[in-house]
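Chemist: Below are the structure tokens for one structure; questions will follow.
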Amino acid sequence: MSAAIEQLERDNPLVEGLERLPVHATTLVIFGATGDLAHRKLLPALYNLAHEGALPERFELVGVARREKEDEDFADAVKQSIERFSRQKPDPNVLEGLLKDIRYVSGTFDDDNVYSELGRVLGEFDERAGHPMNRVFYLSTAPDFFPVIAGKVGDAGLTKCEKADVRIVIEKPFGSDLASARKLNAQLLEAFHESQIFRIDHYLGKETVQNLMALRFANTLFEPVWNRNFVDSVQITAAEDIGIEGRAGYYDHAGALRDLVQNHMLQLLALLTMEPPASFEANRVRDEKVKVLESIVPPSVEEVASMAVRGQYGSGEVSGKHVPGYREEENVPADSRTETFAALRLAVSNWRWAGVPIYLRTGKRLARKATEIVVTLKPVPHMAFQSTGSVGVQQNQIILMVQPDEGVSVSVGAKIPGARMRIRPVHMEFHYGTSFVSQSPEAYERLILDAMRGDATLFTRNDEIEALWGIIDPVLTAWDQDTSSDVPQYEPGSQGPQDANTLLAPGQTWRRL
Amino acid sequence: MSEDVWSEQDTTPDAIESALRELLRQRHVDNPSLAPARVLNLVVIADRDWLGEISNRLERVGRYRASRTILCTVEKGRESLDAVMVMSYNEAPGGSLGVIHEKVEIDVGPEHLPRLDTIVDPVLAAELPTMLWSPHGFHEAVKTLLPMVDVVLLDSDDHDQDDIGLPRSAELLERAYVVDLAWLRTTPWRERLAACFDPRDRRPALASLEKVSIRHHPLSGPSAALLAGWLSSRLGWEPARLSAHNGDPMHGSLKSADGRHVEIELQPFDQEAPGLAGVTVSWPDGSLSLDRGRGGLQAHECLPDTRQLDWQILGASRGEGGILGEGVRQALLRDGTYGPALHTALELRP
């Protein structure tokens, strides 16, 4: 065999130059296929991938849920989800093709018959394809079922398939504290190898979050100042202007800390502060994230009061309308102590970040919907300009806007036109909307495709999950133990509780929402 | 969609540029949340008689609009410049960012073409990549604009009958990056062929291909040749001239790196849509066919054990509007496989 032929058999030369990388034949099994997440996000995302020709060359879809249904009824429900929530107007021919061979397996997730029937369906698809197809089990269920399903899939012998890859995708919440996350990791690892497990955090599928890595590691402009010598503080905000919108069942058990801080916000923090990975291979990126997360020293329970603030939105007027307080929301207990606002001050104890305070803030029913990261640089060492007659020289800020207006803004001091040397900050801005013609795909489209391709870069590894919980756990414990004081209320439509200001170093302020 | 419009007869490039600047300034004063898109200039040179068709095609690119489109329409006998400028935008609610797109239509005469650069240059948005599209020829104007453009958009299939599309693309490729719509029509086929042979156990079949048959719209010979050129250049086959006799399919034999002969056949096929209709690749103990179908490609595979498999590969047709939009989007990317495919395709021509 010639060297050229050997090379050809080793690498696929047809892939070079293609924007869309091949995805091998796959059967996707969605557990909880009749649930809200599947209905609003997963099934429309699958359609959009099909519409754009991005699904694997052979693709089969199986839904698993408790409700009794025939395949045709499930196909009808999927069609309705897609017609209602797809970002693209469905093409009838593509939709018909997607729904043609769709299968539904009904039963409770602890029922062995569900898995034997599933095995039969998977075997039938493999037979029809002429070879074993990759399998992705997507767990879009309540978290209590994660270990049950993983265990049953393992017991049924479906976690391994000769000449094909088998993967499992797990939705958040991944545990409710460090102990439960560890237990769940152990349960999953009894049935699957870590390389088969894809823990989804849909935030990581957002273009602007991925752009954080591009901004840091594709530019020489920022990296020289990305350290304790130049950075004064970092603020990460995930604010919403709405309340819990009928999600009391979930939210009252979770609260702001578990809902957003433990996952999305700490992920942003990790991407912002991690060292440059040697390559963007999944484990190299995740190694760096774990390293920096482990550099965040968790507070002791006693220290929590000085580094964390919580709050609950009260009732009041927003945009001229009365809105209920959290405890008045439907199905929320009148004595609920669940926080709808959380602010933390963290420190990354490593050479790069020592001494730089990192502030996290999230809340519902705040003044504005905004997710952003603000990196404030230190003041200039010597002030040559007079500040009389202007706001004067301000600290530079690098603002990474995740939503709603995705982009980056850098504030710099500029001379106000006129005879005097007066300075005020101006913004140099980059907006996705004005700088690219392409539309960002939905985060779920990107992540489902990555899971089918086996690219785990944007998924959370087991040690990463445990590192994330390790930071939050003492705060949860302290707040659970503190039953003496009431949870502070804050005005709806406001900046959050005043107490959040106590976390800031002297002279620092929260960026106004 | 709201619009601000400015127009002037017997105008000058400087007056157009000043008016553009003033319209943008005024719009920003009225609504600071509006910002001009700053991605790409698209310069189009078109025959005035075909203005409607070109305008329609540009409309259909959807979200892949250039930030600033400068449409120069050439009208016989015209000696002065007339210009119309339209600034369109959607005012987003709640102070969110709204994006402005600009379109400048300049009526020019044939005598302006040798120095069209002096008309277009002042009107370009500075610091942006510039793409040039001249669907009706006007080679002299293209030549004068080439030093200021980064990307040339063309469609080799447009010139199939006179067989100048591919040579013209090769000529321009020496001066600028070329986005060829005929090449983009082959994208789904290239993606699917790459995917079909991606599993490692399918790779030996790829290494032993013995026949490639490409079916194409009668006027899309260049697309078919580009697909053949792509396979040949990617798989290291030695190109050789194909032959065509009395309306038979174009065919010939190429030599692979290990000395095997690979038969190539390009066959016109009656279909409404431009581009490819199907492709069949065969190896000693099997074959795979992909054919255009409703809602994607229809795949048919013959396995070594004589079984035959049929399935659908999902994907919506992009339509010609979508292809042009894709062409605009590709201005910001670089595909290093087009050049080798093009040069191989040129060597396959009878």
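The values are calculated or read from the model by the stated rules, or taken from the named source; none is laboratory data. These figures come from a predicted structure and were not determined experimentally. These area figures cover heavy atoms from the full protein model, side chains too; ligands, DNA and RNA do not enter into them. Shrake-Rupley method; radii C 1.70, N 1.55, O 1.52, S 1.80 Å.
Chemist: What base-10 log of the normalised intensity I(q)/I(0) is obtained for segment A:93-181 from the Debye formula, alpha carbons as equal point scatterers, at q = 0.10, 0.16, 0.20, 0.24 Å⁻¹?
Modeler: -0.31, -0.75, -1.06, -1.31
Chemist: Leaving ligands, DNA and RNA out of it, report the carbon-plus-sulfur percent of the accessible area of chain B at a 1.4 Å probe.
Modeler: Values: 7040 of 14720 Å².
C and S fraction of accessible area: 48 percent.
Chemist: Something else: Based on the alpha carbon coordinates of chain B, what radius of gyration and maximum Cα-Cα distance (Dmax) apply, in Å?
Modeler: That works out to 23.2, 74 Å for Rg and Dmax.
Chemist: Show me, for segment B:171-187, the HN-Hα J-couplings you get by feeding each phi into the Karplus relation (A = 6.51, B = -1.76, C = 1.60, θ = phi - 60°), rounded to Hz, glycine and proline as x.
Modeler: 5, 6, 4, 6, 10, 7, 6, 10, 10, 10, 4, 4, 5, 5, 5, 8, 4
Chemist: What are the residues whose amide H is under 5 Å from the amide H of B:V262, where those residues sit 5 or more places off or on another chain and H is modelled from the backbone?
Modeler: Amide H neighbours of B:V262: B:L254, B:K255, B:S256.
Chemist: Continuing with this model, one more query. Quickly estimate the mean residue ellipticity at 222 nm for chain A, helices only: each DSSP H run with n ≥ 4 gives -39500 (n - 2.57), and the total goes over all residues, rounded to 500.
Modeler: Working: 15 runs with 163 residues, N = 513.
One gets -9500 deg cm²/dmol as the mean residue ellipticity at 222 nm.
Chemist: Let me ask something else about it. Taking both sides together, what accessible area is buried at the B/A interface, probe 1.4 Å, expressed in Å² and rounded to the nearest 100? It would help to have the intermediate numbers written out before the result.
Modeler: Numbers: alone 16740 and 24240 Å², together 36820 Å².
For B against A, buried area totals roughly 4200 Å².
Chemist: Binning at 10 angstrom from zero up to the longest distance, how are the C-alpha pair distances of segment A:145-199 distributed in percent?
Modeler: With a bin width of 10 Å, the distribution comes to 24, 58, 16, 2.
Chemist: Among the listed pairs A:K172/A:K289; A:K152/A:K206; A:K41/A:K291, which have their C-alpha atoms separated by more than 22 angstrom in this model?
Modeler: Working: A:K172/A:K289 18 Å; A:K152/A:K206 32 Å; A:K41/A:K291 32 Å.
Going by Cα-Cα distance, A:K152/A:K206; A:K41/A:K291 fall outside the 22 Å limit.
Chemist: Further question on the same structure: What is the P(r) of segment B:279-333, as percent of Cα-Cα pairs per 5 Å bin from 0?
Modeler: Going from the shortest bin to the longest, the percentages are 5, 18, 17, 16, 13, 12, 9, 7, 3, 0.
Chemist: Let me ask something else about it. Once Rh is set to the Kirkwood radius over Cα pairs, what Stokes-Einstein translational diffusion coefficient, in µm²/s, holds for segment A:1-46 at a temperature of 20 °C and a viscosity of 1.002 mPa s? Please report the intermediate quantities before stating the final value.
Modeler: On the way: Rh = 14.2 Å.
Answer, rounded: 151 µm²/s.
Chemist: In addition: Write down the Å³ per residue value for the convex hull defined by the alpha carbon atoms of segment B:160-300.
Modeler: Working: hull volume 17.9 nm³, N = 141.
About 127 Å³ per residue, rounded to a whole number.
Chemist: What translational diffusion coefficient, in µm²/s and rounded to a whole number, does the Stokes-Einstein relation yield for segment A:205-330 at 4 °C and a viscosity of 1.567 mPa s, taking the hydrodynamic radius as the Kirkwood radius over Cα pairs? Don't skip to the answer; put the middle values down first.
Modeler: Working: Rh = 17.7 Å.
Roughly 73 µm²/s, to the nearest whole number.
Chemist: Quick one: in segment A:157-260, what % of C-alpha pairs are over 22 Å apart? Could the numbers behind the result be given before it?
Modeler: On the way: 3109 of 5356 pairs.
So the portion of pairs separated by more than 22 Å is 58 percent.
Chemist: Further question: Given H placed 1.01 Å from N in the peptide plane, which residues other than close sequence neighbours of A:D241 have an amide H under 5 Å from its amide H?
Modeler: Result for A:D241 returns A:R365, A:L366, A:K369.
Chemist: Where in chain A are the DSSP H helices whose alpha-carbon span along the long axis reaches 27 Å or more and whose Kyte-Doolittle mean is at least -1.0? Kindly include the intermediate steps, with their values, before the conclusion.
Modeler: Numbers: long enough: A:462-481 (28 Å, -0.01).
Long hydrophobic helices here: A:462-481.
Chemist: May I pose another question? When every alpha-carbon pair in segment A:4-122 is counted, what percent end up more than 21 Å apart? All intermediate terms of the calculation are to be shown ahead of the outcome.
Modeler: Numbers: 3140 of 7021 pairs.
That tail contains 45 percent of the Cα-Cα pairs.
Chemist: A further question follows. Using Stokes-Einstein with the Kirkwood hydrodynamic radius over Cα pairs, what translational diffusion coefficient do you get for the protein assembly as shown at 25 °C and a viscosity of 0.890 mPa s, in µm²/s rounded to a whole number?
Modeler: Numbers: Rh = 30.4 Å.
Stokes-Einstein gives a translational diffusion coefficient of 81 µm²/s.
Chemist: Still on this structure, I have one more. Convex hull over the Cα atoms of segment B:256-350, averaged projected area in nm²? Let's see the in-between values first.
Modeler: Numbers: hull surface 35.3 nm².
Convex hull of Cα atoms, orientation-averaged projection: 8.8 nm².
Chemist: Something else: Pull up all non-local amide H partners of B:G293: gap of 5 or more, or a different chain, and H-to-H distance under 5 Å with H placed in the peptide plane.
Modeler: Counting only residues 5 or more places away or on other chains, the set is B:Q298.
Chemist: Restricting to Cα pairs below 8 Å that are 6+ residues apart, what does the relative contact order work out to for segment A:350-473? Please round to a whole percent. Mind showing how you got there, number by number?
Modeler: Details: 135 pairs, mean separation 20.5, N = 124.
Answer for segment A:350-473 is 17 percent.
Chemist: Please report, to one decimal in angstroms, the Kirkwood hydrodynamic radius of segment B:176-222 built from all distinct Cα-Cα pairs. It would help to have the intermediate numbers written out before the result.
Modeler: Working: mean 1/r = 0.0779 Å⁻¹.
Kirkwood hydrodynamic radius for segment B:176-222: 12.8 Å.
Chemist: log10 I(q)/I(0), Debye, Cα-only chain A, no solvent, q = 0.07, 0.09, 0.10 Å⁻¹?
Modeler: Debye curve over Cα of chain A, log10 I(q)/I(0) at q = 0.07, 0.09, 0.10 Å⁻¹: -0.44, -0.72, -0.88.
Chemist: Let me check the size of segment A:277-325 from its C-alpha atoms; what are the radius of gyration and Dmax in Å?
Modeler: Radius of gyration, then largest Cα-Cα span, for segment A:277-325: 20.4, 53 Å.
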